Protein chains: 2
Amino acid sequence: MRRQKNKILPDRIYNLRQKFSSCKIDSLIFFNMSNIRYLSGFTGSEGALLINSDKTILLVDGRYVAQAGAETNGLQIKEYKDKIEGIARTIKKLKLKRIGVEANSITLEIYNQLKNSIPGKVLVALNDELKLLRACKDKTEIALMAKAAEMSSSSIRSLIGKLKPGLTEKDVALQLELSALRAGADELAFSTIVAAGENAAFPHAKPTDRKIKKGDFVVIDFGVKYKGYCSDETCTIAFGKLTGRQKNAYQIVKDAHDLALNYVKADVPATCIDQHVRNVFGEKYERYFVHGTGHGVGLEVHEAPRLASNSTDILKTNMVVTVEPGLYIPGFWGIRIEDTVLVKEKSCEKLTKMDKELIIIE
Amino acid sequence: MRRQKNKILPDRIYNLRQKFSSCKIDSLIFFNMSNIRYLSGFTGSEGALLINSDKTILLVDGRYVAQAGAETNGLQIKEYKDKIEGIARTIKKLKLKRIGVEANSITLEIYNQLKNSIPGKVLVALNDELKLLRACKDKTEIALMAKAAEMSSSSIRSLIGKLKPGLTEKDVALQLELSALRAGADELAFSTIVAAGENAAFPHAKPTDRKIKKGDFVVIDFGVKYKGYCSDETCTIAFGKLTGRQKNAYQIVKDAHDLALNYVKADVPATCIDQHVRNVFGEKYERYFVHGTGHGVGLEVHEAPRLASNSTDILKTNMVVTVEPGLYIPGFWGIRIEDTVLVKEKSCEKLTKMDKELIIIE
């Protein structure tokens, strides 16, 4: 496993240390593996990362000692037999007093065990202070996300020529997945959604043996991971003759999607993007839009910020977010149109590359 | 999404209710999605399941209302806009007083938010009481796990005829994955490990562009999901001429694996299985065995029980566990041999089907 070690990581840790004083902590411990990867480069499935004012210590079990050494740089690696005991010993040795923890990742069990194992020390639950840790991407991350998006878009593009009525949802999902894996995607970013006809009214449907028929909308929601980073894109393809209501609904979702993209730029409250979508849907359609407008994407396919009616996030330059309005008519059909975009100072840039004009396959 | 609804679920909930009195609770709330699937049949990615003495309520957001209705039976479905608020309202309406929570799944943030939103109510952190909830499998689950294991074993088997020096680790992983997906696996159970030569010394290596060479051990750790249930199997294949030390080490890992399997049966402490492996390795080799001997498998690829030196679990009939001793010599090579087995009253039954005698490919 010869890996390229990332030179940006010391800056990420430096930036965190700048927050110690306002958070009233002398150290921070991370359990979330995406955060640990982001801060250290370590890609294992288990471990903890302890940062104080002058040291960064990656704690891992025996499986990961060699890997941690190969993947990281400029930090200390400690092996533990028992995770809590290993962390507690390190905290005591460093004489830490107030240790910040990720409230939205640490489980109640780990929190309680850790608290009980370091009497006299204070665990400080941090939430908003860490929420946007990974939200603004750097150049390297943006390049990897563009590559992941290009891979999934080109898999969708090459699929479309082969689509025809009679294929099952599972057939279509499998073709997409094989094509992306062959093209060099590391893995899927999430379970592929291919949902035809009435199944498309389930926003998170799983592929079944249902065959595509004329008159169907087929929702295809697909994403891959490339070197850890995710892509996320949804196309809705029509088959045969559509009803006037279907055509009209597609155009409304497309209008909502396009309008929302027009408003995505730095300093815009995320909730406004959601509101623009709801304005396009209006009273007649909004009740069929059963989810938020979008979410951040990065090492995880769903991460901060959230683009929803109750979001307090503000868009910032170099955030990467989805915009994915949809309409779902239970028992009949569903439509969703989704792009992943890079937030820029005065606009946004589509990372996913499929054109979203209605495609009808006869 | 016409799904077969599972008739066993009411029994699972009945069994849970029997624990209310000893846990001093009048209700239980689940956030862990594998537990929610196990208890309700709902396969979505977000939600909560509230169980009191006479009601079972599945709380979901708008994306999942239709899907929850299609997948579940005999429970009430409630939609929330805000998760915590929705749960708090339900708890108040049902006049619950002491609500059990899964300490090893609930995050500190959710716990604190929920606690603050239901003043006067008590959240009871449950840990050991729920740890083995899904550990003993029923007939339906065992059949699905046998099918998943058969799929991954037959993908490995058909791969072996095609293996030769010069292929990269990534080539091999891709072939395996394509073959399993084509054969009907729903998805991978975990990131495939194919690790050749010195890379095999990393127990959790990721496939790279390294080519297989003569003299290599190649560790292949592979698993798929079938209808939610995971398989997990590792084969170590040799290429060209091995050194005497390599042959000897393979035989020792094989002996440890075989001996451990001989001891797997109901009522045996899991730590004893681990101890048998360590006894075979002895002083000379034990330090190169850098992980525990195994883990439970089910809806998650790693779940209770744990087969490790510090485990307090006792094996029970119908648990499904892995037995996977390995030796890892940093800078040189690694070996792991793993089967997933069903614990029976007086023995165990291999669900994974590859023979583990040494295979040498010239």
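Around the amide H of B:Glu187, modelled in the peptide plane, lie the amide H atoms of B:Lys225, all under 5 Å away and 5 or more residues distant in sequence or on another chain. At 20 °C and 1.002 mPa s, what whole-number value in µm²/s does Stokes-Einstein give for the translational diffusion of the stretch B:123-228, with Rh from the Kirkwood sum over Cα pairs? After rounding, the answer is 138 µm²/s. Annotation: the residues B:Glu362, A:Glu169, sorted from fewest to most other C-beta atoms within 10 Å of their own C-beta, follow the order B:Glu362, A:Glu169. The same position A:Gly215 in the other copies lies at 6.8 nm from this copy, comparing label points 7 Å beyond Cα toward the beta-carbon, shortest first. For the peptide B:58-65, the mean number of other protein chain Cβ atoms found within 10 angstrom of a residue's Cβ is 4. For B:Val124, nonlocal amide neighbours, meaning residues 5 or more places apart or on other chains whose placed amide H falls under 5 Å from its own, are B:Ile99, B:Gly100, B:Val101. Applying the Karplus relation 6.51 cos²θ - 1.76 cosθ + 1.60 with θ = phi - 60° to the stretch A:326-331 yields 3J(HN,Hα) values of x, 10, 9, 9, x, x Hz, where x marks Gly and Pro. In order along the stretch B:268-277, the Karplus-derived 3J(HN,Hα) couplings, from 6.51 cos²θ - 1.76 cosθ + 1.60 at θ = phi - 60°, round to 8, x, 4, 5, 5, 5, 4, 5, 4, 4 Hz, and Gly and Pro are given as x. What shape does the stretch B:250-310 take by its C-alpha gyration tensor, where a ≥ b ≥ c are the square roots of the eigenvalues and a/c under 1.5 counts as rounded, a/b above b/c as prolate, and the rest as oblate? Here the stretch B:250-310 falls in the prolate category. Largest GNM mean-square fluctuation among A:Pro119, A:Pro207, A:Pro269, using chain A with Cα springs under 10 Å: A:Pro119.
Over the whole of B:106-119, what's the average partner chain Cβ count within 10 Å per residue? Rounded to a whole number, please. Going residue by residue through B:106-119 and averaging, the value is 4. Separation between the A:Glu357 and B:Val122 pseudo-spin-labels, each 7 Å from Cα along Cα→Cβ, expressed in nm? Between A:Glu357 and B:Val122, the simple spin-label model gives 6.7 nm. Mean residue ellipticity, 222 nm, helices only, the protein assembly as shown: the sum of -39500 (n - 2.57) across DSSP H runs of n ≥ 4, divided by residue count and rounded to 500, is -10500 deg cm²/dmol. Can you tell me which of A:Glu187, A:Glu338, A:Glu109 moves the most in a GNM of chain A? Springs connect C-alpha atoms under 10 Å apart. Its mean-square fluctuation being the largest, the pick is A:Glu109. Look at the Cα gyration tensor of the stretch A:174-261: its axes a ≥ b ≥ c give a/c of at least 1.5 with a/b at or below b/c, and that counts as oblate. Computed about the Cα centre, the dipole magnitude for chain A is approximately 880 debye when only Lys and Arg (+1) and Asp and Glu (-1) carry charge, each at its Cβ.
Rounded to the nearest whole angstrom, the semi-axes of the ellipsoid equivalent to chain B, taken from the Cα gyration tensor as √(5λ), stand at 42, 22, 18, largest first.
Peptide B:178-188 is shielded by partner chain Cβ atoms: per residue, an average of 3 of them sit within 10 Å of its Cβ. Is the shape of the protein assembly as shown rounded, prolate or oblate, going by the alpha carbon gyration tensor and its root eigenvalues a ≥ b ≥ c, with a/c under 1.5 for rounded and a/b larger than b/c for prolate? Verdict is rounded for the protein assembly as shown. Taking other Cβ atoms within 10 Å as a rough exposure proxy, A:Lys284, B:Lys241 sort from fewest to most as A:Lys284, B:Lys241. Each copy carries B:Asp128; placing its label point 7 Å along the C-beta direction from Cα gives inter-copy distances of 4.0 nm, listed from smallest up.
Treating r as the C-beta distance of B:Lys162 and B:Lys227 and R0 as 35 Å, the FRET efficiency rounds to 0.80.
Here the stretch B:141-210 is treated with +1 on each Lys and Arg Cβ and -1 on each Asp and Glu Cβ, and its dipole about the Cα centre works out to around 260 debye.
Available extension along the chain between B:Arg182 and B:Ser154 is 8.9 nm, counting 0.36 nm per residue and deducting the alpha carbon span.
What separates the A:Lys55 label point from its copies, with the point 7 Å along Cα to Cβ, is 5.3 nm, written shortest first. Across the stretch B:223-234, rounded Karplus estimates of 3J(HN,Hα) from the backbone phi angles (6.51 cos²θ - 1.76 cosθ + 1.60, θ = phi - 60°) give x, 10, 10, 10, 6, x, 9, 9, 10, 7, 8, 10 Hz, Gly and Pro being marked x. Cβ crowding within 10 Å ranks B:Met145, B:Met151, A:Met33 as A:Met33, B:Met151, B:Met145, fewest other Cβ atoms first.
In terms of overall dimensions, the stretch A:9-131 has a Cα radius of gyration and Dmax of 13.2, 37 angstrom.
In the stretch B:214-362, the convex hull through the Cα atoms has an average projected area of 8.7 nm², a quarter of its surface area.
Any read-out appearing in this document is the output of simple, stated calculations on the displayed coordinates, not a laboratory observation. None of the values given here were measured: they were computed from a predicted structure. FYI the Cβ positions are ideal-geometry reconstructions off the backbone, even for glycines, and counts take in every protein chain you see.
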